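What follows is a set of notes on a single structure, which appears directly below.
The values are calculated or read from the model by the stated rules, or taken from the named source; none is laboratory data. Treat the numbers as computed from the prediction; the structure is a model and nothing was measured. No Cβ is skipped: glycine too gets one built from the backbone with ideal geometry, and neighbour counts run over all protein chains shown.
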Amino acid sequence: MINDTLLMMLIVGLIVSFAILGMFIWGAKDGQFDDGDKMMDGLLFDSTDDLNDAVKKEEKIEESKKGQKKSESPE
Amino acid sequence: MGNVKCDHCHLVFDDDVMIKDNELNFCCKGCQGVYHLLKSDGLDSFYDKLGNKTISPPLDVHDDVIRFDTKSFEDTFVKNTEDDYKQIDLIIEGIHCAACIWLNEKVLYNTNGIISADINFSNNKAKIIWNDEKIKLSEIILKIRSIGYNAYAYDATVADEKAVKSKRDYFIRMMVAIFASMNIMMLSVAKYTGFFTGIEDEIKTYIHLGEFILATPVLFYSGWIFYKGAYFGLKNKILNMDFLVSSGATLTYIYSLYILFGGKGESYFDSVTMIITFVLVGKYLEVLGKKSAVDTLDKIKSTIPLEATIVENGVKKTLALNNINVGDIVEIRSGEKVCIDGRIISGEGSFDESSLTGESIPIYKQKNDLLYSGTINNDSLIRYEVTKSYQDSTLNSIVTLLEDSLSSKPEIEYKANEISKGFTVSILTLSLLTFLIWYFFGIDLGFDYDGASSFEKSFIVAISVIVIACPCALALATPIASLIGISELAKKGLLFKEAKFVETFAKADTLVLDKTGTITKGELKVKKMRIMDKNIHKLNLLYSLLDASTHPISQSIKRELLKKYDLTLKDLESVKNIQAKGMIAKYKNVDDKLFHIVGGNLELMKENNIHYNFDSLNSVYLFAINKRVIATFELADEIKEDAKELVLDAQNNGLDVIMLTGDNNSVASAVASKVGIKNYVSNIDPIGKADYIKKLRDEGKVVVMAGDGINDSVALASSNVSVAMGNSADITISVSDVVLLNNSLKSLKQAFKISRRTYKFIKQNLFISLFYNLVTIPLAMAGLVIPLVAALSMSLSSLLVVANSMRIKIKD
C-alpha cells in the first residue's frame, strides 16, 4: 500500500514539474529570457497601469496585423 | 547656497548654475524641456521608477535627421516585414536603468504609426517596426531625441541573429539539465539513505524509474551538444573532451538502463546528469562572452558615418561612402568624424587622433597633411582630397581586422584535452579487454550475482570499468581550480572573462605593454608651476581663459590652480582659439582698463611679440597679461607608480617585457629606461602593433598584451591573452580577456602570481584524478569493485579534486 502511494507521488510530482519545465521552455522560446537585465527589473513595474499598458501593446500589434490584411484583401 | 539636485537627471550641481522653474531646479534647458514634456504627456511616473538613480542630461544633437529618410540609408538599414511594414534595428544611447527602457518603450508605443518597439536592456539595442505611411523614420528618431536619448542605426548582421539564437538554445538546454539534476538529487538522497538503512527492491526500482525519466532528456536533449562536438571531432580525427564526456555519459546510461530492467546493482543516472550539467554550464558562459563581443562591434560600426559631403565643381552633394572615389573632394565640418582617408587641400585645424594613437592631445594639421579615418575634426571647416577608397581606409580596415581576429582568436588547449585523448582510448580498450577476458576465460574472482550468465557478468564488470573511470574528476580538474583562481583574482580587481586564460597567463613568456594609458597615466599633469605675480585678479583672468578651452592642457592646469587658489570666473571678451598654440582674449575691468591676455606655448608668445626664454623637454604653457609673462607651467605624462615594480617582477620570472607605442622615439626611450624596459618599439600604428604581436606568436611565444585604447584593440585581439585597463574604450574591453578594474599595474603583477599558483593546482588535480584511476581501474577490471564502493569512489574522486582546489585560497 505504502509503496503504491510512493509510486503515485513520484509520478504526480514528475508530471507537475515537467509541466512547469514545459511552460518555462515555452517562455524561453518566445524570447522572454533573452534579456536578463530587463527580465529582472521588469518585475518592479507591476502596477495596474503597467499591466494595462502591456495588454494595450499586445492589442495594438494584433490590430495592426488585422488592419493590414483588410486593406490588402480588396485588391 | 549649496548643492541642488536637478529634477530631471538627478545630477547634483551648485545652486547658482541651476535654472529655476517655480519650485523646480534644472541643470540645463534640455532637462527642463524633457521634464515638462513628460509631465504634459502624463509620463511623470518615470520619476517614481527612476528613484534615486541618476541619468545623463539630454544630449544636444544637431545633426540632420533628414538623412534617416534618404534612399542610401534605407537600403543599408531598413528591412520590410512580411506585413509590409518597415523594420529597423537601433542602438539607443543614454539608457541607464529599467526606467529609461520603460519611458522609451512607452513613448514609442504611444506614437501613432509605430507597430512595435522592443528595447533590450543589456545591450541597448532596439527593434522598431512602423508603418511608413503614417510616420517617417526621421520623426521616430526625433521622438527618441525629444525625451533626451539618441538613436543610431546598426546593421543587424546575420552573425548577430545567430548569436541570439544560439544563446537561447544553450540557455534552454542548460535549464533542462539543471532542472533534472536538482530533481535527481532529491531522489538520490532517498536512494543513498536506503543504502545504509536498507531499502525494499520495489522502492529502489521506483527511484531508478524516476531517475531514468529525468536523466533521459538531459542526456539526449541537453547533451546533444556533446554528441555533435564528438562527431565533428571524430570527423577531423580528434578524440576531444566532448567525446570523453558523451561516451562516458552514454555508457553509464546504458549500464544504468540494464540495472533498471532487472539487473542487480546500482544505477548511475545521477552521475550522467551531473556530468552533462556541469560541463554545459561552462559552455553557456562561453557563449555569453561571444555574444557580448558581437554587441560591441555593432556599437563601433554604428558610429561610423554612412555618407560624406563631397564637393564637385563647386556643388555640394551627399554620397554614400562606398560610392566615393579616390580623387573626390570631401568637406567636413567641426565635430565631424573623418570617415575616409585623404589629404587636406584647404583649411587647417586640430584633430583628435586618440582613437588611432591613444594620445589625447589634438594634432594640428594644415594643407597637404594626411587625414586618417576615425579621427575627429575638432574645430574647423576642412576640404580634403580622398586618397584611399572606403574599403582601404584606416577605420574600415581596423573594423575588418577586429572581426577577423574575433572569429580566429587563438584557441588555448586545455591540458585536460591533451590527456583526454589518450585517456579515452585506453579506457575503452581496457573495458573491451576486460569483457573479452572475463567472457572467454571465465575468470571469476569476485562477487557473485545469483543466476547471472557468464555474458551478463562480463558485461557488468566491463561497464563498471568505464563507470569507475568516469571522467568526473578529470573533467572537473581544470575548471574547478580555474574557477577558484578566478574568484581570487576578482578580489584583487582582475576580471577574467574565461577560466582558460588563467592557464595561458601562467604559461606566458612575453609581456607586451602599451605606453600611454598603460605604463603612463595617459593624462598631462602639471610638473612645474611658477607664478611670478600672485595677484588674485590676474589669476582669475588666467582661470577664466583656461576655463574657455576643453584642451587637455588647459583642463589640467585649471585643476591644479583650483587646488591652490580660490578663483572666480570673469567675463572675457573676444576669446580666440589659435590652433594648437593657445588662446588670446581681452578683458575690461570696472575702471574700463583693457587687458590683453595671452595663454599658450612659446610659439604663440613669439607671434604676439612677447619675448621669453624657456627651455624644457616637456609641454610648456605660458600666461601673459599685457605682454608680461606672469606664470609658466610645465606638463608631462606621469608614469604609474607601480610600473617599475611590475616590469622587474616580470623579468625576474623569466618574461620578456616589450613596450609598444605610437609616440616618438625620444619619449619612448625616456619612459622605457625609467621603468627598466629594454625592448621597445616606437612610432608604430595600430596595425603595426598587431603584426608585431603576430610575429611574436609565430616565433612560438605566448604573449600577454596590456593596453587601453582603440588603437590597441587589434593587437589585443591577436595576442594569446589580452588585458585591458578598466578605463579603456568599450571596444578595447570587449576584445580583451582580462580587465584590470582598478587600472593598477600592481594587480597585473598579482595576476601573474595567482595564475601561476592556480596552474600548479590544475596540474595537481590532474595528477590526483589520474592516480585515482590508476588505482581503481585495475580493481574494477578484476571485478573487485562492489557497487557501494563504486558509488562512493565516484564522488570521492570529485571531492578530492574540489578540496585540493580550495587550497588555492589559503596563503596570500
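Can you tell me which condition B:PHE351 does not meet? The list is (1) surrounded by 15 or more Cβ atoms within 10 Å (Cβ to Cβ); (2) out of contact with any Cys (no Cβ under 8 Å at 6 or more places or on another chain); (3) in the same structural domain as B:LEU370 (by TED's automatic domain parsing); (4) modelled with pLDDT under 80, and all the others hold.
Result: B:PHE351 fails condition (4) only.
Grab the strands (runs of 3 or more DSSP E) fully contained in the range B:666-773, keeping just those with 2 or more residues being in contact with a Leu (Cβ under 9 Å, 6 or more places away or on another chain) and β-branched (Val, Ile, Thr). Spell out the reasoning first.
Working: elements: B:679-681, B:703-707, B:721-725, B:738-740.
Ranges flagged: B:703-707, B:738-740.
Does A:LEU21 satisfy being aliphatic (A, V, I, L, M), surrounded by 12 or more Cβ atoms within 10 Å (Cβ to Cβ) and either within 10 Å of another protein chain (Cβ to nearest Cβ) or under 20 Å from B:ASN120 (Cα atoms) (or both)?
Against the criterion (aliphatic (A, V, I, L, M), surrounded by 12 or more Cβ atoms within 10 Å (Cβ to Cβ) and either within 10 Å of another protein chain (Cβ to nearest Cβ) or under 20 Å from B:ASN120 (Cα atoms) (or both)), A:LEU21 qualifies.
Which is under 27 Å from the mean Cα position of the chain (by Cα) and within 14 Å of chain A (Cβ to nearest Cβ), of B:ASN120, B:ASN112?
Details: B:ASN112 fails: under 27 Å from the mean Cα position of the chain (by Cα).
On inspection, the qualifying residue turns out to be B:ASN120.
Where the second residue is of a type in the set (Asp, Glu) and part of a helix (DSSP H, G or I) and the first is within 12 Å of chain A (Cβ to nearest Cβ) and lies in the range B:190-210, which pairs have Cβ atoms under 8 Å and are six or more apart or on separate chains?
none
May I ask you to list the residues in the range B:648-707 that are under 23 Å from the mean Cα position of the chain (by Cα) and of a type in the set (Ser, Thr, Tyr)?
Hits for the range B:648-707 are B:THR661, B:TYR692.
Among the listed residues B:LYS588, B:LYS644, which satisfies the condition of being basic (Lys, Arg) and closer than 24 Å to B:ILE531 by Cβ?
Numbers: B:LYS644 fails: closer than 24 Å to B:ILE531 by Cβ.
Only one candidate qualifies: B:LYS588.
Name the single residue that is surrounded by the fewest Cβ atoms within 10 Å (Cβ to Cβ) among those in the range A:24-50 being under 12 Å from the mean Cα position of the chain (by Cα) and assigned to a helix (DSSP H, G or I).
For the range A:24-50, the residue satisfying everything is A:TRP26.
Residue-wise test of (1) under 23 Å from B:TYR35 (Cα atoms); (2) within 11 Å of another protein chain (Cβ to nearest Cβ); (3) assigned to a helix (DSSP H, G or I).
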site: B:ASP83; (1), (2), (3): no, yes, no
site: B:ILE95; (1), (2), (3): yes, yes, no
site: B:ASP132; (1), (2), (3): no, no, no
site: B:ILE135; (1), (2), (3): no, no, no
site: B:SER138; (1), (2), (3): yes, no, yes
site: B:LYS143; (1), (2), (3): yes, no, yes
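I'd like the full set of residues that are among the aliphatic types (A, V, I, L, M) and either surrounded by fewer than 17 Cβ atoms within 10 Å (Cβ to Cβ) or touching a helix residue (DSSP H, G or I) at 6+ places or on another chain (Cβ under 7 Å) (or both), limited to the range B:322-340. If you could, list the steps in order and put the result at the bottom.
Residues of the range B:322-340 among the aliphatic types (A, V, I, L, M): B:324, B:326, B:329-330, B:332, B:338, B:340.
Passing the criteria: B:ILE324, B:VAL326, B:ILE340.
Just give me the residues in the range A:1-12 being surrounded by fewer than 14 Cβ atoms within 10 Å (Cβ to Cβ) and either facing chain B (nearest Cβ under 8 Å) or part of a helix (DSSP H, G or I) (or both), in sequence order.
Initially, the range A:1-12 is screened for residues surrounded by fewer than 14 Cβ atoms within 10 Å (Cβ to Cβ), giving A:1-5, A:8-9, A:12.
Within the range A:1-12, A:ILE2, A:ASN3, A:ASP4, A:THR5, A:MET8, A:MET9, A:VAL12 qualify.
Could you count how many residues in the range B:693-711 are of a type in the set (S, T, N, Q) and surrounded by fewer than 24 Cβ atoms within 10 Å (Cβ to Cβ)?
At the first step, the residues of the range B:693-711 found to be of a type in the set (S, T, N, Q) are B:711.
Subsequent filtering for residues that are surrounded by fewer than 24 Cβ atoms within 10 Å (Cβ to Cβ) retains none.
Residues that pass the stated criteria total 0.
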